[in-house]
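**Q** Please see the structure below; I have some questions.
Every read-out reported here was derived from the displayed coordinates using simple, explicitly stated rules and does not represent laboratory data. Quick caveat, the model's predicted, so the values are computed rather than measured. Every residue, glycine among them, receives a Cβ derived from its backbone with ideal geometry; neighbour counts consider all protein chains shown.
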Amino acid sequence: MNDDPFANMVDELGGSGSSNYNNSSTQIKENLYRIAGLDKPVFYFTFSRLSAAKPRDLAKLPANERKAVENWTYRLGNYRDALALKQLILKSDIPDRQILFEVIEPELVAQNFNYKLSYFRYQNFIPNLYWNGLDNQYHSWLINLKQGKLGTSFASGLPVSTVLQGNVWLTLIMGIGGTILSVLIAIPIAIFFFLHGNSIVAKIIDTLLQILVVIPSFTMVILLIMLFAVPGYLPSSGLLDPLADSINYSMFDRVVATLPFLILPSIAYTYDSIAVLSRFINTLLHSQREQKYYVVGLSKGLSIKELTYTHLLSNALLPLFAVLARNFPLAFSGSIVIETMFNLPGMGRLLLTSISFNDYPVIMACVLITAFFSCFSYWLANDISEYADPRLRSQKA
Amino acid sequence: MSKRNKLPLILSITTLGFFVLMGLFSGLLTGRGHLIPYTPTEIHLNDAVRLKPFISDHYLGTTILGRDIAAGIVTGANYSLTIGFFSALITLIIGIVLGIMSSLSWRVNYINRRLFWPAVVLSIPYAVVSTGLNTGVYADNLLDFTLAILSATCIFGILIFLFLMLGSVIGGKKTIPFKFNTSISLLIILLDSAPKLLLLVIFIGLLASGNIITLIITISLLSWIGVTRMIRVEIERQLKFSYADAAVSYGISVPRLIVKHILPHLYPTLIINFIYTFIGAIVSESTLSFLFAGQMGDNVTWGSIIGLSKDYPDDWWLLVVPSTCLVLLILSLFTVAKHFSDKAQIQNQYIK
């Protein structure tokens, strides 16, 4: 990987790899940068150690010249000298002058052109702040966002919204479904712990859960693939059999055919939250035993089982919303490993591929969506717990 | 405490000590003429040695390139533990400083609450990619990398502040006093609004560098949130006790009270936080080297060995050996942390 999203594209357009420094390919690259808006500065201001170098001017240079000028500025502590050396090289008519851009010692280049360096090094150590104005990448991104545009993907050339459309749903459904599934499994386990905490079965399950918490998700994913997919019990790649895809299925059949593909990913999504949540709900249930209504219920002759199902559970589960709201965003980061490994067309896999292409618009959009849903879930959790627990409302007022 | 309760602790400290010794003396253990007669990056391409479970002096098997896994495990322990220890240390220092600062209140300005969430949502992607862009240029220069991340963090804060000030200019009626505490909690919520691992994957993926210092800085700059929050809550809880009141009535200043009298009470909490950050850093590091196996330099780590088993799911030792080490290390750290949390609980009963 490199930090240049257009390197491959330009290589294809401009011929072989060695022609990177040709004038034509440099021209193409500059044009691509201009179209993508990458020649602009990143933000309203820049904070840089290249004190004398204006980052705005620096960003406009083609990649190889920019790198050289940057390196030389570091060496000399003086941007003006570095720029002058660059101009000298461009003006000269040495046949392979582009090689000079790769020379690390600017002193050698200066000697070559009889240029007198002004050794002015102290500027290297003063970080400077530059005001770039409104013509910057963030501002244009914000303005585009206001108009509902997320930009164009560098890798595919399609609008980012089109690229995302096919991918967001799976991650969201897996996230929400995984959260609900883990709660539905964790509650019975927690109740079993609460009622029969001292039995041997409970202790065995507890130890098992303790080990499950510790296993990192990427290990779990490969373990699942090894145990179930390699012997051929369950499919492990994609969402639908490519053969089945060609048959004219109805919607219902399609869903049924997809289900086996989702078994392993959903285990990978939920195993650790089941372990964490069941222990958490168990402590919540135990904390309710100190409440007065528990003692009253016992003295009225209710059994512990009846009390648990009718009174304890509804009271104990109130703090759960906050925990679920914190768990939900983790589905987005968890999806990176799981979707990549199970080859599911979701946002996590998209993010990883766009990172390897340095596809900034897609990365920005992915993070925007993640941030949006995280904030939304925090807000929702706040509202739901206020709705469910009138005591919180009265506290606030 | 009964004798039965101490057995897991002793076992886990032994395991931990084993891994620490392995990591410390990784240079002495691997290489020709040592206990493991191979270096982790050494390649043996003949078919008798490639991708075999346990043969003669390859004690834990070999990878597809014929690299010795035992040597990889030893140097991987060094890599993981170094990253875990130093990022936990830096995180703890940042956490203590910010925690103390945020438990003191300095009134600065007034801001609007209504624009807060939009501000968070809008500034996060920018911050991520700008750091990526900045550091992409400076990936080889450590000082500039640090500066880029620091400036991105500054920009986060300034951006949010600008949004909120804008809100109060436009005319929201609901304002809250802007304390230093508020600004830190703004930063916390901001970094919290995207999962840590997601940001880490983007940063390190764009950097494509396995440089140990880069990883430590990135991990610790992303994981101080929990520690800061915990320390702030603990300090605020301790400030309500009567010993704090007594000290204040003697005329001691609040910062001095916090540093001299409250911090010593927090040491189990600090150690628990240290261990949890340690675990988080190790898991993040191995997830990164799993995802970007081969792209993050030539380091052999536990995560990168597990990453190899993506392509060879039949060869179980590629998964089992490093995973067992990882799970054992995390499990023993958890057990030690649990010991300290029990201690903290007992201690809390006596503070008044």
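**Q** How shielded is B:197-210 by partner chains, expressed as the average number of their Cβ atoms within 10 Å of its Cβ atoms?
**A** 5
**Q** Next question, about the same structure. Equivalent-ellipsoid semi-axes (√(5λ), Cα gyration tensor) for the range B:208-247, whole Å, largest first?
**A** Calculated on Cα positions only, the semi-axes equal 37, 8, 4 Å.
**Q** What is the Cα centroid distance between the range B:1-41 and the range B:182-237, reported in whole angstrom?
**A** For the range B:1-41 versus the range B:182-237, the Cα centre distance is 29 Å.
**Q** Tell me, what are the semi-axes, in whole angstrom and largest first, of the equivalent ellipsoid of the range B:221-352 as set by the roots of 5 times the Cα gyration tensor eigenvalues?
**A** 44, 16, 8
**Q** Which FRET efficiency value, to the nearest 0.05, is calculated for B:Gln345 and A:Ile211 with the Förster distance at 22 angstrom and r the Cβ-Cβ distance?
**A** So the FRET efficiency works out to roughly 0.35.
**Q** While we're here: Return the FRET efficiency for the residue pair A:Ile180, A:Leu392: r is the Cβ-Cβ distance, R0 is 30 Å, and the value is rounded to the nearest 0.05.
**A** 0.85
**Q** For the range A:271-348, what is the Kirkwood estimate of the hydrodynamic radius, computed as the reciprocal of the mean inverse distance between distinct Cα atoms, to one decimal in Å? Mind dumping the intermediate values first?
**A** Working: mean 1/r = 0.0670 Å⁻¹.
Averaging 1/r across every pair of different Cα atoms and inverting gives 14.9 Å.
**Q** Rounded to the nearest 20 debye, what is the charge dipole size of the range B:267-352 about its Cα centre when +1 sits on each Lys and Arg Cβ and -1 on each Asp and Glu Cβ?
**A** 600
**Q** How high is the FRET efficiency from B:Lys338 to A:Val295, r the C-beta distance, R0 22 Å, rounded to 0.05?
**A** 0.15
**Q** Still on this structure, please answer the following. By how many nm would the segment from A:Asn64 to A:Gln165 lengthen if fully extended, with 0.36 nm per residue of separation less the alpha-carbon distance?
**A** In short, 32.7 nm is gained.
**Q** Then there is this: For the range B:266-335, what is one quarter of the convex hull surface built on the Cα atoms, given in nm²?
**A** 5.1
**Q** When the dipole is taken about the Cα centre of the range A:98-240, and only Lys, Arg (+1) and Asp, Glu (-1) are charged at their Cβ, what size is it in debye, to the nearest 20?
**A** 300
**Q** Which value, in Å to one decimal place, does the Kirkwood hydrodynamic radius take for the range A:351-397 when every pair of different Cα atoms is included?
**A** With all distinct Cα pairs of the range A:351-397 included, I get 12.9 Å.
**Q** Please state, rounded to one decimal and in Å, the Kirkwood hydrodynamic radius that the range A:206-325 gives when every pair of distinct Cα atoms enters the mean of 1/r.
**A** Details: mean 1/r = 0.0556 Å⁻¹.
Computed over the range A:206-325, the radius equals 18.0 Å.
**Q** Here's a follow-up. From the P(r) of the range A:146-263, could you give the percentage of C-alpha pairs in the tail past 20 Å? Don't jump to the answer; show the numbers that get you there.
**A** Values: 4619 of 6903 pairs.
So the pairs more than 20 Å apart make up 67 percent of the total in the range A:146-263.
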